[in-house]
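**Q** Just passing along the structure, written as structure tokens.
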Amino acid sequence: MLQLSALVRTLGVELLLGSLLLPLLVRRGGAGISVLRGVTVLLGVNLATHPLAWWCNRALASWLAFEPRAAVIEAAVIAVESLAFARLLPLPWPRALALAAAINLASFGFGLWWMMR
């Protein structure tokens, strides 16, 4: 799979789901966040973390089997994105963690489905 095509699919899933979840998370405890700001932060954070995750996957491929490698990389991405969402949106950290986990697990699941179809 090419990195650009994986990035496009990731952005499609994560921006769509993130833009749907963000108003719910804001309404339940976040500061007022405009849709434009939310989508911009989601996009920027994804553009920063996706290439790093892609590179880590390639670098660790000969050392770790797929399952533990994917778990480590996804956990790291969720942690980094949680911190970014908490700081940039701003959201309380449990809501930032929920957002990062939801969108990353959804895009990871979609990516698995895409590869196996």
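The values are calculated or read from the model by the stated rules, or taken from the named source; none is laboratory data. The shown structure was predicted, so the numbers you read here are calculated from the model rather than taken from an experiment. Ideal geometry is used to build each Cβ from the backbone, glycine not excepted, and the neighbour counts take in all protein chains shown.
**Q** What's the number of the only condition in (1) surrounded by 18 or more Cβ atoms within 10 Å (Cβ to Cβ); (2) of a type in the set (A, V, I, L, M, F, W, C); (3) in contact (Cβ under 8 Å) with a residue 12 or more places away in the chain that Ala86 fails to meet?
**A** (3)
**Q** Could you check segment 51-69 and list, in sequence order, the residues that are within 23 Å of Thr40 (Cα to Cα) and crowded, with 16+ Cβ neighbours inside 10 Å?
**A** Ala53, Trp54
**Q** Working only within segment 1-21, note down all residues that are closer than 17 Å to Thr40 by Cβ and loosely packed, with under 13 Cβ neighbours inside 10 Å.
**A** Scanning segment 1-21 gives Gly12, Leu20.
**Q** Please specify each residue of segment 47-99 satisfying the condition of being more than 15 Å from the chain's Cα centre (by Cα) and hydroxyl-bearing (Ser, Thr, Tyr).
**A** Selection gives Ser62 alone.
**Q** Among Ser62, Ser82, which is in a loop (DSSP other than H, G, I, E, B), modelled with pLDDT of 95 or more and small (Gly, Ala, Ser)?
**A** Within the list Ser62, Ser82, the selection yields Ser62.
**Q** Oh, and also: What are the pairs, 6+ residues apart or on separate chains, where a residue within segment 32-46 that is in contact (Cβ under 8 Å) with a residue 40 or more places away in the chain has its Cβ under 9 Å from a residue that is part of a helix (DSSP H, G or I) and exposed (fewer than 14 other Cβ atoms within 10 Å of the Cβ)?
**A** These pairs meet every condition: Ile33/Pro23; Gly38/Pro23.
**Q** Right, another one. If you check Val72 against the conditions, is it surrounded by fewer than 17 Cβ atoms within 10 Å (Cβ to Cβ) and either among the aromatic types (Phe, Trp, Tyr) or touching a Cys at 6+ places or on another chain (Cβ under 9 Å) (or both)?
**A** yes
**Q** Let me ask something else. Filter segment 32-46 for residues that are under 15 Å from Thr10 (Cβ atoms) and surrounded by fewer than 14 Cβ atoms within 10 Å (Cβ to Cβ) and give the result.
**A** Gly44
**Q** OK, next. When you go through (1) over 10 Å from the mean Cα position of the chain (by Cα); (2) modelled with pLDDT of 95 or more; (3) part of a helix (DSSP H, G or I) one by one for Leu15, which number turns out not to apply?
**A** The number of the failed condition is (1).
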